[in-house]
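A.B. asks: Dumping the structure here so I can ask a few things about it.
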Amino acid sequence: MVIHNGEPAAPLTKTASVLTKGCAAAKEAMRQWKLYMEAHIWPACRKAGGAACSLCGKVGAASARMLGIAAKGAGQGLVAAGRAAGKFCGFVGAAAARDLALVHGAVAGRLSAFGGRVLDRAVRVTDRCGEKIYGFFYGLARPVRSVCHAPRLLADGYRKGGVREAFFTVVEGVYNNLYILRTAVNYTLPVVGIFFLVNVIQSGTQLNYALALEQDGQVIAYVADESVYTTAQRDLKSRIITTDGEAELNLRPTFMMAAVNPEDVTTAAELTDELIQLSTDDIQQAQGLYIDGEFYGAVTSAGLIEDVLDDTLDQYASGAEGEVLEFTRDIQLRDGLYPTDSLADAGELTALLTSEVQSRKTYTIEQGDSPIVIANKNGLTYSEFKALNPGIEEECMVGQETVIAQSEPFLGVRSTKTITYNEEIPFETEVTKDSNKAKGYREVTQEGQKGQKSITARVVTVNGHEESREVLSEIVTAEAVPQKVVEGTKSETTYRAAYSAPTYGSGQYSGTFIWPTSGGYISCYYGSGGHKGLDIANSYGKPVYASMAGKVVVAGWYYSYGKCVVIDHGNGVRTLYGHNSSLNVAVGQTVGQGEVIAQVGSTGYSTGNHVHFEVQINGRTQNPLNYL
């Protein structure tokens with residue numbers, strides 16, 4: 001048992017007692033296990049050996065009986081072998097029992113010795129730890145105990161010799177307990193040091209460093225980095241402009257690193273105002289107009305400019321829900337100090353904002369486009385579009401660029417909106433060939449019907465001209481019904497009209513030309529891909545009219561025109577009507593304007609029902625739209 005200053009370490013004694021009892025219990029358990037082995041395991045092994053011997057004997061006897069008299073000698077041999085095997089098994093069982101007993105004893109002894117050593121070492125370690133812990137807390141308690149005795153010792157000293165004896169008692173007590181001061185210093189100084197270190201680290205992490213901008217030894221401002229000064233200097237140059245166009249800047253600042261509060265750091269806009277105040281020019285609080293970062297002038301009241309900006313946006317508002325309107329250029333009104341020389345008239349700035357600038361804008365023709373469709377797409381009338389593109393009627397091909405604007409507003413406005421609209425779905429044509437019908441025969445057995453779909457799209461326009469269209473969803477509201485057509489394939493002998501040489505003359509004519517069929521639409525313009533006429537698509541069998549009165553010079557199959565009529569109007573003026581399904585006139589016949597001369601078809605070199613209409617002057621084709 002360990003003793004500390006005459007006092008027993010009771011907790012350590014209890015710990016050692018518990019560990020000793022545990023060791024004894026372990027030894028008792030090993031003893032009980034040995035007894036169990038002797039009482040149960042070893043008899044079982046012996047019984048197993050006897051059973052094996054008996055079994056082998058029975059097997060041998062059974063084998064002898066089965067072999068019969070003829071194998072009596074062999075049977076006796078097997079019986080002998082069985083008995084020998086039984087003896088062997090008994091011997092093996094007994095040997096195994098003895099070996100298990102020896103192994104058990106050895107293992108039990110080793111475990112007991114090992115457990116004892118472990119328990120002994122644990123007891124020694126626990127005693128040492130207990131001594132350390134006891135010594136630590138005893139050392140902490142000792143000054144307290146000494147101080148607790150101080151009042152009694154002072155009282156005894158005072159009774160013995162008054163104040164003088166009490167004073168000497170205090171001196172003696174301090175001298176005898178100097179270790180208390182050493183202990184206090186040993187524990188207090190590390191705590192104070194840690195506290196000081198934490199405060200230093202915390203103060204260092206909270207510091208904010210910036211560049212002090214100095215001019216002539218005076219701090220102008222604190223900036224995060226030199227780029228702030230560079231930005232402010234560039235802005236200052238744009239604000240201070242003299243009459244000769246040179247900027248007056250006499251700044252030669254220096255930069256010094258300094259620790260400052262975050263709220264003392266100056267932005268580029270604030271620094272610009274600080275630098276302007278250092279200039280010799282007269283300054284005034286105003287709002288500067290910046291477009292794409294370029295300074296255009298300052299005004300003391302920006303109300304008029306703001307109204308113009310709002311009106312410009314409203315001009316392109318369509319009223320669509322969720323529409324977003326924005327300028328294509330970055331426009332800012334910045335509050336700040338500006339030299340009086342930089343102040344501009346609000347009227348001049350608004351005139352600039354509403355002005356037009358030269359800019360050529362083009363549109364690329366897509367599949368299905370026509371001059372009228374292109375004009376409508378880009379918010380133009382047909383005459384305006386034609387004036388920008390004089391030759392569009394002669395040549396209008398996919399991929400061709402057309403001009404839709406020669407100028408644009410100084411302030412462009414971009415509109416982004418989501419719209420929903422209906423669009424027709426074209427029907428398909430199912431053609432059935434009939435060998436009993438002559439070539440050129442064409443009959444519609446079922447009229448086609450266009451379908452319809454609802455489209456939701458995001459449309460972006462700039463200054464009213466569509467820039468992009470993104471289809472978000474399509475919902476078919478009505479399916480298209482296909483058109484069914486029967487066409488003849490039977491070859492027939494046809495009259496081929498003789499070539500009619502052109503006539504020449506002044507090219508003059510009286511009256512006006514009329515549309516050569518009932519309705520229809522232009523499916524191919526004059527000049528498109530070298531086209532020499534105007535293709536007017538129409539239904540099969542619709543009437544074809546004489547565009548002007550004249551004499552029929554061709555009426556029959558005429559080269560690639562199929563069934564064709566040519567009318568001579570005199571003075572070298574002729575009109576041609578090709579690809580008809582049937583003819584109503586003959587060569588030499590005189591016809592009046594508007595008289596039915598044929599029916600619409602698709603004979604000759606043709607891909608659909610239409611009238612190929614030509615105007616010829618002295619043998620040269622002309623654009624029919626100039627005469628209709």
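A.B. asks: Could you run through the stretch 587-613 and say how many residues are closer than 20 Å to residue 550 by Cβ and open to solvent by 50 Å² or more (accessible area, probe 1.4 Å)?
C.D. replies: Of the residues in that region, 6 qualify.
A.B. asks: Looking only at residues that are more than 60 Å from the chain's Cα centre (by Cα) and part of a loop (DSSP other than H, G, I, E, B) in the stretch 614-628, which one is surrounded by the most Cβ atoms within 10 Å (Cβ to Cβ)? Break it down into steps so the answer makes sense when it comes.
C.D. replies: Start the filter on the stretch 614-628 by keeping residues that are more than 60 Å from the chain's Cα centre (by Cα), which leaves 616-620.
Subsequent filtering for residues that are part of a loop (DSSP other than H, G, I, E, B) retains 618-619.
Numbers: 618: 15, 619: 11.
Among residues in the stretch 614-628 that are more than 60 Å from the chain's Cα centre (by Cα) and part of a loop (DSSP other than H, G, I, E, B), the one surrounded by the most Cβ atoms within 10 Å (Cβ to Cβ) is 618.
A.B. asks: Output the number of the condition that residue 489 fails; it satisfies all remaining conditions of (1) without any contact (Cβ under 8 Å) to a residue 40 or more places away in the chain; (2) outside any loop (DSSP other than H, G, I, E, B).
C.D. replies: (1)
A.B. asks: Give the residue, chosen from 528, 454, that is among the hydroxyl-bearing types (Ser, Thr, Tyr) and farther than 20 Å from residue 419 by Cα. Before the answer, list the steps.
C.D. replies: Numbers: 454 fails: farther than 20 Å from residue 419 by Cα.
Going through 528, 454 in turn, the sole match is 528.
A.B. asks: On the basis of being open to solvent by 40 Å² or more (accessible area, probe 1.4 Å) and modelled with pLDDT under 90, does residue 493 make the cut? Break it down into steps so the answer makes sense when it comes.
C.D. replies: Working: open to solvent by 40 Å² or more (accessible area, probe 1.4 Å): yes; modelled with pLDDT under 90: yes.
So residue 493 fits the description; yes.
A.B. asks: OK, next. Please work out if residue 333 is of a type in the set (A, V, I, L, M, F, W, C), in contact with a strand residue (DSSP E or B) (Cβ under 8 Å, 6 or more places away or on another chain) and in contact (Cβ under 8 Å) with a residue 12 or more places away in the chain. Write out each step before concluding.
C.D. replies: Details: of a type in the set (A, V, I, L, M, F, W, C): yes; in contact with a strand residue (DSSP E or B) (Cβ under 8 Å, 6 or more places away or on another chain): yes; in contact (Cβ under 8 Å) with a residue 12 or more places away in the chain: yes.
Answer is yes for this residue.
A.B. asks: In addition: Is there a residue being in contact with a strand residue (DSSP E or B) (Cβ under 7 Å, 6 or more places away or on another chain), surrounded by 13 or more Cβ atoms within 10 Å (Cβ to Cβ), closer than 13 Å to residue 463 by Cα and touching a residue at least 12 places away in the same chain (Cβ under 8 Å) anywhere in the stretch 361-374?
C.D. replies: yes
A.B. asks: Just a yes or no: is a residue in the stretch 504-518 open to solvent by less than 40 Å² (accessible area, probe 1.4 Å) and either closer than 30 Å to residue 451 by Cβ or assigned to a strand (DSSP E or B) (or both)? So that I can check it myself, show each step before the final result.
C.D. replies: Kept after step one, since they are open to solvent by less than 40 Å² (accessible area, probe 1.4 Å), are these residues of the stretch 504-518: 505, 507, 513, 516-517.
Filter once more, so that each one left must be either closer than 30 Å to residue 451 by Cβ or assigned to a strand (DSSP E or B) (or both): 517.
Scanning the stretch 504-518 turns up at least one residue that is open to solvent by less than 40 Å² (accessible area, probe 1.4 Å) and either closer than 30 Å to residue 451 by Cβ or assigned to a strand (DSSP E or B) (or both).
A.B. asks: Which one of these is modelled with pLDDT under 95, out of contact with any Cys (no Cβ under 6 Å at 6 or more places or on another chain) and farther than 17 Å from residue 616 by Cβ: 530, 572, 541, 505?
C.D. replies: Of the residues listed, the single one that is modelled with pLDDT under 95, out of contact with any Cys (no Cβ under 6 Å at 6 or more places or on another chain) and farther than 17 Å from residue 616 by Cβ is 541.
A.B. asks: Would you list the strands (runs of 3 or more DSSP E) that sit entirely within the stretch 521-577 and hold 3 or more residues that are in contact with a Gly (Cβ under 6 Å, 6 or more places away or on another chain)? Steps first, please.
C.D. replies: Numbers: elements: 521-524, 534-537, 543-545, 550-557, 563-570.
By residue number, 563-570.
A.B. asks: Filter the stretch 578-613 for residues that are under 57 Å from the mean Cα position of the chain (by Cα) and either assigned to a strand (DSSP E or B) or of a type in the set (Ser, Thr, Tyr) (or both) and give the result.
C.D. replies: Step one: list which residues in the stretch 578-613 are under 57 Å from the mean Cα position of the chain (by Cα), which gives 579, 600-613.
579, 600, 601, 602, 603, 605, 606, 607, 610, 611, 612, 613 - these are the residues of the stretch 578-613 that are under 57 Å from the mean Cα position of the chain (by Cα) and either assigned to a strand (DSSP E or B) or of a type in the set (Ser, Thr, Tyr) (or both).
A.B. asks: Among the residues of the stretch 345-354, is any touching a Ser or Thr at 6+ places or on another chain (Cβ under 9 Å) and either surrounded by fewer than 16 Cβ atoms within 10 Å (Cβ to Cβ) or without any contact (Cβ under 8 Å) to a residue 40 or more places away in the chain (or both)? Write out each step before concluding.
C.D. replies: First, pick out the residues of the stretch 345-354 that are touching a Ser or Thr at 6+ places or on another chain (Cβ under 9 Å): 346, 353-354.
Subsequent filtering for residues that are either surrounded by fewer than 16 Cβ atoms within 10 Å (Cβ to Cβ) or without any contact (Cβ under 8 Å) to a residue 40 or more places away in the chain (or both) retains 354.
So far as the stretch 345-354 goes, yes, one or more of its residues are touching a Ser or Thr at 6+ places or on another chain (Cβ under 9 Å) and either surrounded by fewer than 16 Cβ atoms within 10 Å (Cβ to Cβ) or without any contact (Cβ under 8 Å) to a residue 40 or more places away in the chain (or both).
A.B. asks: Given the criteria more than 19 Å from residue 460 (Cβ to Cβ), in a helix (DSSP H, G or I), free of Cβ contacts under 8 Å to residues at least 40 places away in the same chain and touching a strand residue (DSSP E or B) at 6+ places or on another chain (Cβ under 9 Å), does residue 270 qualify?
C.D. replies: Values: more than 19 Å from residue 460 (Cβ to Cβ): yes; in a helix (DSSP H, G or I): yes; free of Cβ contacts under 8 Å to residues at least 40 places away in the same chain: no; touching a strand residue (DSSP E or B) at 6+ places or on another chain (Cβ under 9 Å): yes.
Against the criterion (more than 19 Å from residue 460 (Cβ to Cβ), in a helix (DSSP H, G or I), free of Cβ contacts under 8 Å to residues at least 40 places away in the same chain and touching a strand residue (DSSP E or B) at 6+ places or on another chain (Cβ under 9 Å)), residue 270 does not qualify.
A.B. asks: Return yes or no: is residue 378 closer than 22 Å to residue 525 by Cβ and in contact (Cβ under 8 Å) with a residue 40 or more places away in the chain?
C.D. replies: Details: closer than 22 Å to residue 525 by Cβ: yes; in contact (Cβ under 8 Å) with a residue 40 or more places away in the chain: yes.
Spelling it out, residue 378 is indeed closer than 22 Å to residue 525 by Cβ and in contact (Cβ under 8 Å) with a residue 40 or more places away in the chain.
A.B. asks: If a residue must be part of a strand (DSSP E or B) and under 18 Å from residue 315 (Cα atoms), how many such residues does the stretch 406-417 contain? So that I can check it myself, show each step before the final result.
C.D. replies: As a first pass, look at the stretch 406-417 and keep what is part of a strand (DSSP E or B): 406-409, 413-417.
Next, only the ones that are under 18 Å from residue 315 (Cα atoms) stay: 407-409, 413-417.
Going through the stretch 406-417 one residue at a time, the tally reaches 8.
A.B. asks: In the stretch 330-341, is there at least one residue being on the phi < 0 side of the Ramachandran plot, surrounded by 14 or more Cβ atoms within 10 Å (Cβ to Cβ) and among the polar types (S, T, N, Q)?
C.D. replies: No, every residue in the stretch 330-341 fails to be on the phi < 0 side of the Ramachandran plot, surrounded by 14 or more Cβ atoms within 10 Å (Cβ to Cβ) and among the polar types (S, T, N, Q).
A.B. asks: From the list 453, 417, which one is buried (at least 16 other Cβ atoms within 10 Å of the Cβ) and in contact (Cβ under 8 Å) with a residue 60 or more places away in the chain?
C.D. replies: Numbers: 453 fails: in contact (Cβ under 8 Å) with a residue 60 or more places away in the chain.
Among 453, 417, only 417 is buried (at least 16 other Cβ atoms within 10 Å of the Cβ) and in contact (Cβ under 8 Å) with a residue 60 or more places away in the chain.
A.B. asks: Any residue in the stretch 384-399 that's at negative phi and in contact (Cβ under 8 Å) with a residue 12 or more places away in the chain: show its pairings with residues that are open to solvent by 50 Å² or more (accessible area, probe 1.4 Å) and assigned to a loop (DSSP other than H, G, I, E, B) at Cβ separation under 8 Å, as long as the two are six or more apart or on different chains.
C.D. replies: Close Cβ pairs (under 8 Å, with a partner that is open to solvent by 50 Å² or more (accessible area, probe 1.4 Å) and assigned to a loop (DSSP other than H, G, I, E, B)) amount to 398/366; 398/367.
A.B. asks: How many residues are at pLDDT below 85 and open to solvent by 10 Å² or more (accessible area, probe 1.4 Å) if we restrict to the stretch 268-293?
C.D. replies: So the first thing to find is which residues in the stretch 268-293 are at pLDDT below 85, and the list is 268-285, 293.
Applying the additional criterion that residues be open to solvent by 10 Å² or more (accessible area, probe 1.4 Å) yields 268-270, 273-274, 277-285, 293.
Residues flagged as at pLDDT below 85 and open to solvent by 10 Å² or more (accessible area, probe 1.4 Å) within the stretch 268-293 amount to 15.
A.B. asks: Check residue 469 against each of (1) under 21 Å from residue 317 (Cβ atoms); (2) in contact (Cβ under 8 Å) with a residue 40 or more places away in the chain; (3) open to solvent by 40 Å² or more (accessible area, probe 1.4 Å); (4) not acidic (Asp, Glu) and name the one condition it does not meet.
C.D. replies: Every listed condition holds for residue 469 apart from (2).
A.B. asks: Can you find a residue in the stretch 424-434 that is closer than 20 Å to residue 456 by Cβ and in a strand (DSSP E or B)? Break it down into steps so the answer makes sense when it comes.
C.D. replies: Initially, the stretch 424-434 is screened for residues closer than 20 Å to residue 456 by Cβ, giving 424-425.
Among the residues that remain, those that are also in a strand (DSSP E or B) are: 424-425.
Checked the stretch 424-434: at least one residue is closer than 20 Å to residue 456 by Cβ and in a strand (DSSP E or B).
The values are calculated or read from the model by the stated rules, or taken from the named source; none is laboratory data. This is a predicted model, so every value here is computed, not measured. Glycine gets a Cβ as well: all are built from the backbone with ideal geometry, and neighbour counts include every protein chain shown. Note: areas computed on protein heavy atoms with side chains; ligands, DNA, RNA excluded. Shrake-Rupley method; radii C 1.70, N 1.55, O 1.52, S 1.80 Å.
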